[in-house]
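The values are calculated or read from the model by the stated rules, or taken from the named source; none is laboratory data. Please read these numbers as outputs of a predicted model, since none were measured by experiment. Note that we place each Cβ from the backbone using ideal geometry, even for glycine, and neighbour counts take in every protein chain shown. Accessible surface areas use protein heavy atoms only, side chains included; no ligands, DNA or RNA. Shrake-Rupley method; radii C 1.70, N 1.55, O 1.52, S 1.80 Å.
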Amino acid sequence: VPLDQRSEASESGLVDLGTIALSEGTTFLVHVAAGDREAQGAVARADLGNRWSESDMLTAQVWNGEALISGVSPGRVTVSVLAGRRLLCEQSVVVREGGSQEVDCRSHGLRVSGYVQVGGVPAGTGTLSWSAPDLAMPSRIDTVVSPAGLKQFQIVGAGRPGVSVAIAADGSFETEDLSPGRWRVVLLSQGSASGEQIVDIPAEEYFETVLSFPGLAVTGTVVDREGKPVERARVRELTSGGIAFSDPEGNFSLVGLKAGKSVVQAQLQDQTSPLAELNLRIGERPEPLRLVLGQRKAPSLTVRIVDAGGAPVPGAFVFLDEEGKGQRLLVADAQGQTEVRLEPPLPPRVRAAAFSSGSWGFGDWLDRQAADGEFQVEVAGAESFVVTSDTHQGSPRILTPNGWDVSWLLRLLGAPPRLAPDLPLRMSGLVAGRYSISLDGASVTVTVREQHPAEGRLE
């Protein structure tokens, strides 16, 4: 209200807002392909707000290929034809003042085609899911309460419908179901989904594009021991955590994987497949995998601990180191061995160290597959060293000739090493070789020889 009218308005309680002029509006005659089965029972809609909001819609039933929408206000509106959640037509129309106006929805007039790539190679069969990026929430949610107090929620006008487009085996696709505008695209392939891409489709008769999704893809089939396809098996890529599910034919596809080593395994209830390992390279599509489900059994390793004469050492402490996963402390049984179950992702290399009756043994790295399920460590160390210091105090780091951190192994046993001006560091039961001792930025190397205790000083 203007300042000079506020007092008058407050006294009378009424404010004159002017005149709102109403008009009959324009009547739309929407033409739909009468021979199209999907058009039977379809609904034509005029979106006055151009937002796909239910409250802005004027609707009319399609009958014999035509629909009449009355009372459309002048300006730009979006006309669409829906059959269920399938979008048969979408056009932006400029509405004239009064009278009638025809809208031809018998053909989109837009054909979209292109190719889909994953990691630079054709994606293969799958589906492109197209949806509007700015209409993730429904237009309205109605709450209905029954006489008994039960609440039910109904979605009214769930926004612009999505469009699913099939991808051929060579990665190509084509559709006439899309309309000009901005779309969000996700690649769906045999139970897995990629990250999304934004595509702007121009208002033209033909639009061609290449959709390149990052990462690599692994495809294959899950079968049982009789060779029959298995549906709904969970297929995991163990290094990245990627997951997919097999379809009724047992097919699966894992997309968006990184180059390098990949480990794939299928599982359904209490059954699992052997691990499939492959090396992914950019620009190359690996051969499809065949994953056979069998009884669930985790792979294992057996570590045998022996003395210098090859006799078993029962009760020895065993340190198993799995590359990239850390170390485990185990105890050998009465036969001087321990069995370890390996959990995926499996380590590429393993090694073991052992300690018994004051004597150490430090094993080298072994390729897990080359170990063939078992290997042994000899506990035969008998040499020693002494390191002193006038200035340093604490728990030093002790590295063996083949890279074991003895100070960490001692911590696992609850006896970390100590060094102080009045407390020399003494280590015995060692194998011959060069040992590195470091503390507070200072280090010293001692060479341990047979029957010759080594000495060192940490300055």
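Below are the figures for this structure:
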| item | result |
| --- | --- |
| Candidate aspartates and glutamates for bridging to Lys228, where Cα separation is under 19 Å - those fewer than 8 sequence places away on the same chain excluded | Asp247, Glu249, Asp270 |
| Stretchable slack from Ala132 to Asp405, in nm (0.36 nm times residue separation minus alpha-carbon distance) | 92.6 nm |
| Over region 354-459, volume per residue of the alpha carbon convex hull, in Å³ | 109 Å³ |
| Calculated FRET value between Glu176 and Ser300, using beta carbons and R₀ = 60 Å, to 0.05 | 0.60 |
| Overall Cα dimensions of region 213-319 - principal axes, largest extent first, Å | 57, 34, 20 |
| Square roots of five times the Cα gyration tensor eigenvalues for the chain, Å | 73, 31, 20 |
| Positive-end extreme of charge dipole, the chain - chosen from Val387, Gly215, Ser357 (charges on Cβ) | Ser357 |
| Sites Ala203 and Ser73, calculated FRET efficiency, Cβ-Cβ separation with R0 25 Å, nearest 0.05 | 0.65 |
| Length added when fully stretched, Phe245-Glu277, from 0.36 nm per residue minus Cα-Cα | 9.7 nm |
| Debye equation applied to the C-alpha atoms of region 298-360, log10 I(q)/I(0) at 0.15, 0.18, 0.19, 0.21 Å⁻¹ | -0.45, -0.62, -0.68, -0.80 |
| For Phe252, net neighbour charge (Lys/Arg +1, Asp/Glu -1) across residues whose Cβ lies under 14 Å away | 0 |
| Point-to-point label distance, Arg449-Arg349, nm (Cα→Cβ direction, 7 Å offset) | 3.0 nm |
| Cα-based Rg of region 183-273 normalised by 2.2 N^0.38 Å, two decimals | 1.32 |
| Sorted peptide list for 347-355, 223-231, criterion being average Cβ within 10 angstrom, highest first | 347-355, 223-231 |
| Relative packing of peptides 387-400, 247-260 - highest average C-beta neighbours within 10 Å first | 247-260, 387-400 |
| Largest to smallest accessible area among Glu323, Glu339 [probe 1.4 Å] | Glu339, Glu323 |
| Loop-resident sites, region 54-119, for GluC sites (Glu not before Pro), counting at most 14 other Cβ within 10 Å (DSSP) | Glu97 |
| Computed label-point distance, nm, for sites Ala442 and Ser164 using a 7 Å Cα→Cβ extension | 7.2 nm |
| Estimated [θ] at 222 nm from DSSP helical runs (n ≥ 4, -39500 (n - 2.57)) normalised by residues in the chain, nearest 500 | -1000 deg cm²/dmol |
